[in-house]
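To start, the structure under review is shown below, and the notes come after it.
The values are calculated or read from the model by the stated rules, or taken from the named source; none is laboratory data. Fair warning: this is a prediction, and the values are worked out from it, not measured in the lab. So basically every Cβ, Gly included, is an ideal-geometry build from the backbone, and we count neighbours across all protein chains shown. Remember, those area values only see protein heavy atoms, side chains included, never the ligands or the DNA or RNA. Shrake-Rupley method; radii C 1.70, N 1.55, O 1.52, S 1.80 Å.
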Amino acid sequence: MKKHFDIIVMMFLMMLPASVVAAKFNQMCYTTVNGTSRSYWLYVPDNISGETPLVFSLHGTGCRATDKSPFRTDVADKAKCIVVYPQGQTIHFPVFGADLPGWRSTGETSEDITFFKQVIEEVAGKYTIDRKRIYCCGFSNGGMMTYTVANVASDVFAAFASISGYPINEFHLHHSGMRPVPFLHIHGKADDFVRYVHMPTIVDEMVARNGCNPVATKTSGWGYDKSVFAAGEGGFPYIYYEINGMGHNDFTNATEDGNSAQTMWNFISQYTLDSKCDTTLKWRPAVESSNWNAAAHGFTLNSGRTLLSFGGDQYTQANQNVYHSIQLENGSYQLRLHVSGTSANSVTLQLKNITSGKYLVNTTSEAGKDIVADFKVSEGWGEYKLDILRENSSASLSISNLAIYEKSENTGVNAAIAEAGTSKAQYYTISGIKVVNPSKGVFIKKSGNKTSKVILK
């Protein structure tokens, strides 16, 4: 009789819809970080096996980990990925004049970042996670924090997605991280809270930071417009969805997947920490791109003696601390560009700290050639304005290959390699493609056991 009962129970369970089958683990976890109690909801789908991707999903201000926002568990079930929903601490938000649960999305490292890294170790102690496939996404203040994670922890997290969240007000955008990052952003056109009107500036800043093509490939579907800013050499793409009629929300079905969480997963899951990029790339606006409107993206071109100008704005109540600038951390850098025109004309390069007025670069060079200017940042993170002035306002000159790269003092990045094209060394592009007989450009040089980055002129 018992045997028959067991068979009936088993058949009943098999007939239940998948949605009621319990996850392998689905509950709140607690930890202590530097003496402070923290918590996170951990969701582990049933029947995971092997090295499993891990997604951090960050809630908005005043919300809770139990909201399981914005990455949904049904997507985790299909993708077979583990999801961490961390709980933000109660902190003061000046813009609200209140203490609320949320994130220190300042663009700099904080106890929240320490918390995230500790959670990774705890989850890894229980499950076999794929450390090359750890991702971060977030809603509202959680989206702001996602931009911070991309800035300070891109050696841990492989790719990123935000919905209805970018840094504003006290959380002014920092985008001077250790490498370019794959990033997807979804925003409602009716969002007047984290205002949609400022998104074009955020897009501009991230596109230049990533070295993308600033002229997007655009498509439209039911309820959305999608812009794909394709990756340039050594960078990653930035994908931007604009959702018709959507306000400040953590979910939309107006994507080609009918599910914003699924759209996030489809994007971020393409990338791993092994996805190749040029970690020295810090800013490349691709000003020579055809069909690109300079003025619409914060640049002044060909105005009197000004051949190019970018940056210089600062916080106003109207712009919510969202404006164009070049942002850099401490380090050694190279400003590079090519100026086309006759060498009889000269150009002056000026890179100036917006706050202090101190010049990092103030040098004059001949036109008609590649120009390289070395400089250092030693006063911590700062914002800069770039001016390129021509001696003669009527001189016909144009700029291309404008970029800023980090310069490593011990790799000989500035060296012109005499043995280029010989059997003494092998050369690869920044993306890892072997090159025979390289001529001009930036390459990875392998000679014996030594690897270095070089510029061939």
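For the chain, the per residue solvent-accessible surface stands at 44 Å², with DNA, RNA and ligands left out and a 1.4 Å probe. Computed about its Cα centre, the charge dipole of the chain is approximately 1140 debye, with only Lys, Arg, Asp and Glu carrying charge at their Cβ. Enter the accessible area of CYS63 (Å², nearest 10), with the probe set to 1.4 Å and all protein chains included. Spelled out: CYS63, probe radius 1.4 Å, area about 40 Å².
Solvent-accessible area assigned to carbon and sulfur over segment 212-346 amounts to 45 percent, based on a 1.4 Å probe.
Three principal axis extents describe the C-alpha atoms of segment 259-322; from largest down they are 48, 32, 25 Å. A prolate overall shape is assigned to segment 92-135, the ratio a/c of its alpha-carbon gyration tensor axes (a ≥ b ≥ c) being 1.5 or greater and a/b exceeding b/c. Put +1 on the Cβ of each Lys and Arg and -1 on the Cβ of each Asp and Glu in the chain; which of TYR271, PHE96, ALA294 then has its Cα farthest toward the positive end of the dipole? So the residue we want is TYR271. Other residues with beta-carbon under 10 Å from the beta-carbon of HIS324 carry, at +1 per Lys or Arg and -1 per Asp or Glu, a net charge of -3. Remark on LEU184: its backbone amide H falls under 5 Å from those of PHE160, ALA161, SER162, ILE239, a criterion applied only to residues 5 or more positions apart or on other chains, H modelled at 1.01 Å from N. When shorter helices are ignored and each DSSP H run of at least 4 residues is given -39500 (n - 2.57), the per-residue value for the chain at 222 nm works out to -4500 deg cm²/dmol.
For segment 125-134, the Karplus equation 6.51 cos²θ - 1.76 cosθ + 1.60, evaluated at θ = phi - 60°, returns couplings of x, 10, 9, 8, 9, 8, 5, 8, 10, 9 Hz by residue, with Gly and Pro reported as x.
Between THR114 and ASN47, the C-beta separation translates, for a Förster distance of 30 Å, into a calculated FRET efficiency of about 0.40. Annotation: amide H-H contacts under 5 Å for ALA425 (H modelled 1.01 Å from N, sequence separation of 5 or more, or interchain): none. Between LEU273 and VAL95, the modelled label-to-label distance comes to 3.1 nm, taking each label 7 Å out from Cα in the direction of the beta carbon. Which entries in the list LYS189/LYS407; LYS68/LYS407; LYS276/LYS352; LYS80/LYS407; LYS226/LYS369; LYS68/LYS226 go over 30 Å, if you measure between the two C-alpha atoms of each? Those over the limit are LYS189/LYS407; LYS68/LYS407; LYS276/LYS352; LYS80/LYS407; LYS226/LYS369.
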